[in-house]
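Inspection log for the structure reproduced underneath, given as structure tokens.
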Amino acid sequence: MDLEIKDLYINIGEKQIVRGISLNAADRKFVALLGPNGSGKSTLLRAVYRILKPSGGVILLDGKEASKLHHKDTARKMSVVSQFNSLNFDFTVKEIVMMGRTPHLKMLQAEGEYDNHMVMDALEKVDMAAYAGRSFSSLSGGEKQRIILARAIAQEPKLLILDEPTNHLDIRYQLQILSIVKSLGINVLAALHDLNLAAQFCDYLYIMNGGKIDSEGIPREVLTKETIKRVYEIECDIQKAPNNNGLFISYYPPLINKK
Amino acid sequence: MKHKTVTFKFKLIIIILLLALLLSVVLALGFGAVKINPVHTYYILLERIFGFTAEIQATQSEYNIIWQIRLPRVLLGVFVGAGLSLCGTVMQATVQNPLAEPYILGISAGATLGATFSIIIGIGTANMFWAFVGSVGATFAVLTLASYGSKMTSSKLVLSGTVINALFSAVSNFIISIAGDSTGIMTIKFWTLGSLTRANWDNIWPAIVIVLICSLFFLTQYRTLNTMLLGEEAAVSLGINLNFYRKLYMLICSLLTGVLVAACGIIGFVGLIIPHILRALTGPDHRKVMPAALLMGAIFMLWADVFARSAVPNAELPIGIITALVGAPFFVYILVKKSYGFGGH
């Protein structure tokens with residue numbers, strides 16, 4: 001499912017968080033949103049997956065206005081890994097992932113062979129098949145994150161929305177999660193923090209600052225010393241990585257005035 | 001393989017609960033001021049329901065006590081218990097909070113206010129409707145208060161419930177007091193602590209029919225309820241129109257609470273205790289929790305009523321005392337158990 005956003009504005013209370021953003025996620029590309037804290041990345045994503053209502057502009061899913069589609073119809077093609085996954089009730093891992101099948105099932109329809117297959121397949125993709133019977137709340141943060149990703153995969157999306165999916169994960173799982181996402185070969189729109197990882201995995205970057213797009217393009221063109229200085233207000237050095245498409249960005253700590 | 005054993009365990013739980021419910025009905029009919037042999041009860045029921053003539057003859061007075069006095073009460077108890085348990089299960093999923101329950105959130109108090117208001121101003125026949133108006137008002141008030149300013153948390157929800165409960169109870173007790181008839185205190189006792197004494201063959205049907213309809217409806221809603229437990233973000237991204245279902249479910253729960261309170265006053269904590277016990281047994285999947293909670297709620301209410309009838313000789317305790325004695329320690333237990341996420345961490 002192709003995503004196209006045109007001139008989007010979002011207000012939360014009195015405050016305007018997103019101010020006239022246009023972007024695309026299509027052609028099976030891994031697209032990332034970068035930018036400092038408070039630049040509006042999460043807010044933008046929350047509008048795409050319909051928790052927030054935009055105050056202006058349009059969000060098009062396969063050319064149709066998202067607000068006019070049924071929630072169930074969008075959920076058959078778009079899945080989400082958000083930052084909000086606290087759970088007060090104790091489901092098993094398999095039950096959690098099976099919920100990814102919800103939009104594909106009718107109200108009283110029992111889960112069939114195919115649903116079961118998709119669930120186990122998704123668990124294998126995230127390397128958690130052995131945990132199917134375990135209780136979700138007994139898992140570590142990284143394991144939980146992989147289960148939430150498995151649920152999103154079991155949903156058979158054509159567009160995957162990720163809101164800082166590698167938060168709180170160690171480097172191995174950061175790489176693992178992004179590799180899995182990349183291998184799906186579907187449209188991806190992800191808010192990320194780590195510029196090195198974004199350069200290594202993503203096909204196209206949008207850099208946000210103060211609710212607007214500061215710059216956009218392929219990683220090597222858009223991640224420059226000047227852009228990083230302008231957006232994050234820090235100095236850095238950038239080198240091309242020898243063995244992949246990535247970059248080495250090394251940051252200099254900002255000068256702190258000592259009195 | 002794993003899946004098969006789980007299903008077997010669930011079936012076993014349901015069968016055991018069903019048998020326990022039938023047995024409880026027969027036994028509960030025997031308790032009271034006049035003790036009646038369960039065998040007699042059993043034959044009276046067989047004769048009356050299936051036209052089966054028994055070899056053991058019960059006396060005419062036993063027959064009257066069972067059929068005219070105790071059976072309507074026991075039936076009402078079964079459906080009130082199931083209904084309260086249903087309310088708790090659904091509300092906990094809807095507000096994604098394991099402490100939600102009509103009594104704790106002050107919704108029962110709202111229903112009482114509506115009902116007493118209608119009795120006092122003299123439109124007594126419509127009091128079920130007015131109880132419903134009261135419970136919807138309280139639901140609206142408590143949810144608005146709990147989500148005012150910032151996101152709804154467990155603590156805010158329970159505090160809002162306490163406030164609404166205190167306010168609405170005070171106003172309805174005030175109304176009963178100034179109405180000034182000699183039965184005022186008795187009436188307050190009935191509304192605030194609950195009782196099944198008023199049950200007879202003429203007045204139990206609205207509650208039974210509404211509980212039946214609501215139960216059937218929510219038995220079909222397990223998938224939506226399950227996704228609600230995952231939280232707002234997940235439910236919406238799984239294709240649930242959360243705003244619509246939240247409102248619909250809270251409205252139906254308010255209706256149910258209104259009807260139950262109009263029938264038997266406020267009976268607290270049932271909706272808190274029962275779903276918790278069953279989630280521990282079956283897991284949180286509503287496909288399993290819902291039918292089990294209905295049966296277990298009914299059984300619990302029957303025995304609470306038996307206790308209310310027979311604990312003190314020649315007197316009857318309000319049933320709300322019994323459920324609160326069991327429920328309040330249970331509430332503390334849930335608060336203390338950190339894994340249920342009360343408070344902010």
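Laboratory data are not the source of any read-out in this text; all were calculated from the coordinates shown. In this text, all values refer to a predicted model and were calculated from it rather than measured experimentally. We place every Cβ from the backbone using ideal geometry, glycine too, and count neighbours over all the protein chains shown.
List of remarks:
- Each residue of region A:174-187 was assigned a 3J(HN,Hα) from its phi angle through the Karplus expression (A = 6.51, B = -1.76, C = 1.60, θ = phi - 60°), giving 4, 5, 5, 4, 5, 5, 4, 4, 4, 6, 5, x, 10, 5 Hz with x at Gly and Pro.
- Other-chain or far-sequence residues with amide H under 5 Å of A:V126's (modelled H): none
- Once the convex hull of all Cα atoms in region A:88-156 is built, its volume per residue stands at 87 Å³.
- Dimensions of region B:213-345 from C-alpha coordinates, computed as largest minus smallest value along each principal axis and given longest first, are 58, 36, 24 Å.
- Ellipticity estimate at 222 nm from DSSP helix runs (n ≥ 4, -39,500 (n - 2.57)) divided over chain B, nearest 500: -24000 deg cm²/dmol
- Euclidean distance between Cα centres, region B:113-155 to region B:256-332, Å: 21
- Region B:54-160: C-alpha gyration tensor shape, a/c 1.5 cut-off, then a/b vs b/c: oblate
- Pairwise Cα distances in region B:75-340 exceed 29 Å for 26 percent of all pairs.
- Look at the stretch A:88-96: the mean tally of other chain Cβ atoms within 10 Å of its residues' Cβ atoms is 6.
- Ranked by the mean number of other Cβ atoms within 10 Å of their residues, highest first, the peptides B:285-291, A:63-69, B:74-80 come out as B:74-80, B:285-291, A:63-69.
- Karplus-based coupling profile of region A:128-139, in residue order and whole Hz: 10, 4, 5, 9, 3, x, 6, 7, 4, 6, 7, 7, with θ = phi - 60° in 6.51 cos²θ - 1.76 cosθ + 1.60 and x standing for Gly or Pro.
- Sequence-distant contacts, meaning Cα pairs under 8 Å at least 6 residues apart, place the relative contact order of chain A at 25 percent.
- Per-peptide average of other Cβ atoms within 10 Å, ordering B:112-120, B:321-329, B:265-273 highest first: B:265-273, B:112-120, B:321-329
- Angle in degrees between helix A:113-125 and the longest Cα principal axis of chain A, rounded to the nearest 10: 30
- Cα Rg, Dmax, region B:182-228, angstrom units: 16.7, 51
- Across region A:147-259, Cα pairs under 8 Å and at least six residues apart give a relative contact order of 18 percent.
- Annotation: amide H-H contacts under 5 Å for A:G57 (H modelled 1.01 Å from N, sequence separation of 5 or more, or interchain): A:Y9.
- Net +/- balance of residues flanking A:L44 in space, Cβ distance below 12 Å, scoring K and R +1, D and E -1: +3
- Formal net charge of residues neighbouring A:I10 (Cβ-Cβ distance under 11 Å; K, R +1; D, E -1): +4
- As a calculated quantity, the FRET efficiency between A:S55 and A:I218 at R0 = 30 Å, using C-beta atoms, amounts to about 0.45.
- Amide H contacts of A:N209 (H built 1.01 Å from N, under 5 Å, at least 5 apart or other chain): A:D214
- Cα lying deepest toward the dipole's positive end in region B:75-340, options B:L281, B:F174, B:G81, charges on Cβ: B:L281
- FRET E, pair B:L46, A:D121, Förster distance 60 Å, beta-carbon r, rounded to 0.05: 0.65
- Peptides ranked, highest mean first, by Cβ atoms within 10 Å: ranges A:108-118, B:223-233, B:297-307: B:297-307, B:223-233, A:108-118
- Environment charge of B:I321, counting only residues whose C-beta is closer than 13 Å and scoring Lys/Arg +1, Asp/Glu -1: 0
- Structure note, pairs A:K15/A:K64; A:K125/B:K288; A:K53/B:K247: Cα-Cα distances above 21 angstrom occur for A:K15/A:K64; A:K125/B:K288.
- Residue-averaged beta-carbon neighbours from other chains (10 angstrom radius) around B:238-247: 4
- Taking every residue in A:100-107 and counting other chain Cβ atoms within 10 Å of its Cβ, the average works out to 4.
- Scalar couplings 3J(HN,Hα) for region A:28-41, obtained by applying the Karplus form with A = 6.51, B = -1.76, C = 1.60 to θ = phi - 60°, are 6, 9, 8, 9, 10, 9, 10, x, x, 3, x, 7, x, 4 Hz; x denotes Gly and Pro.
- In angstrom, the C-alpha Rg and Dmax of chain A are 19.1, 69.
- Approximating the spin labels as points 7 Å out from Cα along Cα→Cβ, the B:F330-to-B:A33 distance works out to 3.0 nm.
- Loop-located trypsin sites (Lys or Arg not before Pro) in region B:16-106 whose Cβ has at most 10 other Cβ within 10 Å (DSSP): B:K35
- Orientation-averaged projection of the protein assembly as shown equals 34.4 nm² [convex hull of Cα atoms, one quarter of hull surface area].
- Normalised contact order of region B:1-113, rounded percent, pairs of Cα under 8 Å and 6 or more residues apart: 14
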